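One structure is given here, and the rest of the page talks about it.
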Amino acid sequence: MSPNCLQKTMSDMASQHTSHIVIIGGGIVGSALAYFLSTSEDGKKVTAIDRSFSRLNGSTGYAPGFVGQFNESEVLTRLAIDSVEEYSKVPEGFDHVGGLEIATSNAGVENLKMRLASAKERGLEAEMISSQQAMQMAPDLVKDDNILALHFPGDGTANPSTITAFFQSEARARGVHFLEGDVTGIRRVDDRVNGVMTSAGFVQAETVVLATGIWAKNLCDFDLPVPVIPVAHPYMYGEHHKPKTYKSPFVRFPEHHVYARDHGQFFGLGSYDHKPLAENPEDTALGNWKEDFDATLDRALQLIPANTNLVPREKFNGIFSVTPDNMPLVGEIPNVKGLYMAAAVWVTHAAGCAKFLTRMLKGERVDVTMQKALDPTRFQGRDMKSLERVSLHCYNSIYSTHERS
Ligand SMILES: Cc1cc2nc3c(=O)[nH]c(=O)nc-3n(C[C@H](O)[C@H](O)[C@H](O)COP(=O)(O)OP(=O)(O)OC[C@H]3O[C@@H](n4cnc5c(N)ncnc54)[C@H](O)[C@@H]3O)c2cc1C
Ligand SMILES: *[C@@H]1O[C@H](CO)[C@@H](O)[C@H](O)[C@H]1NC(C)=O
Ligand SMILES: *[C@@H]1O[C@H](CO)[C@@H](O)[C@H](O)[C@H]1NC(C)=O
């Protein structure tokens, strides 16, 4: 073997096992982060690690991709606007079909009026439309017995798998190393991160980012409550249909905790109208089907016009996370130097959160309001049991602003 050849082999091996930044998790969040870090010109080596890159076993692989930019939280609204801008650059990544919120009661109308006012304050395009207009926009999903609807023309549907694959291939082309393996622990030397132990060997790193979604708690053995609570959620696909000649906005029924969309070849529908159920996922975000969920989907289907003939072809329990304040955990873990996290992030906010964290990792100045709102240490001093209880309570308020008794 020539010395040259030996040298090459050794440097190849070294590149397998040392990196400046390690990202654990290759769902939409970790992949977006790998992408944004790879566009930076500081020459830092980045390694992304997941149990599987070919198959998305996390929540991203099961997410139907509803993206509503307006949120009661101003920080989340900004992150969503930022994310939509990024997704729109991805070929086949985002469809600007718009979003509809349907009111079926007077209380629902009052709620939509308030949302319209705050959305406009934030500079988002939004308009109140009649039930008739809503039916024209989404004839397969909206019945004639509704009262009023709120239309967000700038919203739409993301294709989470396509976006994730795009971020990965762009990052790979710019030198990010993708390593398949199970991360079993984060190694520390004193109070600093030193690398990660994986089923594919040790990877040394001075910076480690946890982008492990519903598994975020697993690798967090430092003295901090990480209330990222995995929950069960029912979603269904209808029978295949011929693609429509029109594109319908996605539809939400806030009073009923139900949402639906046209996936192109079939309709999809999900509901939060059930008792919150914590999950303890192993290696997939696909949970066991719960008996209760049949009734939940049956109730939800009552909202869909009978002519649509929407019947479940496939029902599944897709797991994602909730937190005590419905906000993601994104930022630095100060008691372990070099450790960062980006968890409980929705598809809706993923690219925006990844950009925010990229700025933080590069030592750039970040928006202080955003930093505080996303700070992963904000639950310090509270006990996990009560944090879990509060988080589960938040589940039913998703897509709804009505408290349930
Ligand atoms: C049914 C359903 C409906 C949803 N609806 C919407 C919606 O309409 N709009 C919306 O915005 N969001 C929605 N979501 C939520 C959204 O899917 C998630 O919030 C988002 O995909 C999370 O992305 P992530 O990258 O953080 O996590 P994931 O996609 O779960 O990725 C985490 C990755 O980390 C890897 N990992 C974890 N631990 C380890 C380890 N120790 N070693 C190696 N790898 C590890 C996993 O393999 C996984 O690939 C929905 C989710 C589901 C399931
Ligand atoms: C992905 O999930 C499937 C079950 O849905 C499981 O059999 C498989 O082992 C998982 N793959 C990885 C790499 O975790
Ligand atoms: C606002 O965002 C949070 C976190 O993603 C989510 O739980 C909540 O449902 C959103 N609100 C609306 C009305 O979409």
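The values are calculated or read from the model by the stated rules, or taken from the named source; none is laboratory data. Computed from a predicted structure; not experimentally measured. Cβ: placed from backbone, ideal geometry, glycine included. Neighbour counts: every protein chain shown. Surface accessibility is based on the protein's heavy atoms, side chains included, excluding ligands, DNA and RNA. Shrake-Rupley method; radii C 1.70, N 1.55, O 1.52, S 1.80 Å.
Details
- Principal axis extents of the Cα atoms in the stretch 115-204, from largest to smallest and rounded to whole angstrom, are 62, 29, 27.
- Relative to the longest principal axis of the Cα atoms of the chain, the long axis of helix 160-173 makes an angle of roughly 20 degrees.
- When shorter helices are ignored and each DSSP H run of at least 4 residues is given -39500 (n - 2.57), the per-residue value for the chain at 222 nm works out to -9500 deg cm²/dmol.
- Computed about the Cα centre, the dipole magnitude for the chain is approximately 600 debye when only Lys and Arg (+1) and Asp and Glu (-1) carry charge, each at its Cβ.
- Highest average packing first - 212-225, 335-348, Cβ atoms within 10 Å: 335-348, 212-225
- The angle between the Cα long axis of helix 74-87 and the main principal axis of the chain comes to about 80°, on a 0 to 90 degree scale.
- Accessible area per residue was computed with a 1.4 Å probe on protein heavy atoms; THR162 scores about 50 Å².
- C-alpha long axis of helix 106-121 to longest principal axis of the chain, angle in °: 50 degrees
- Peptide ranges 252-260, 321-329 listed from the most packed, as the mean C-beta count within 10 angstrom indicates: 252-260, 321-329
- Sorted from longest to shortest, the spans of the Cα atoms of the stretch 159-317 along the three principal axes equal 64, 39, 25 Å.
- DSSP bridge pairs, the chain: antiparallel proportion in percent, nearest 5: 70 percent
- Scoring 36-45, 356-365 by mean Cβ neighbours within 10 Å over their residues and listing the highest first yields 356-365, 36-45.
- Entries of LYS113/LYS290; LYS89/LYS217; LYS45/LYS355; LYS113/LYS385; LYS242/LYS290; LYS217/LYS275 with Cα pairs more than 29 Å apart: LYS113/LYS290; LYS89/LYS217; LYS113/LYS385; LYS242/LYS290
- Accessible area per residue (1.4 Å probe, heavy atoms of protein chains only) ranks PHE166, PHE66 as PHE166, PHE66, with the largest value leading.
- Compactness of the chain is given as radius of gyration and Dmax, 21.9, 81 Å, from Cα positions.
- Under the Debye formula (equal points on every Cα, no solvent term), log10 I(q)/I(0) of the stretch 166-209 at q = 0.26, 0.28, 0.30, 0.34 Å⁻¹: -0.92, -0.96, -1.01, -1.10
- The three principal axes of the C-alpha atoms in the stretch 285-405 carry coordinate ranges of 56, 30, 28 Å, sorted with the longest axis first.
- Calculated P(r) of the stretch 208-296 - Cα pairs past 23 Å, %: 44 percent
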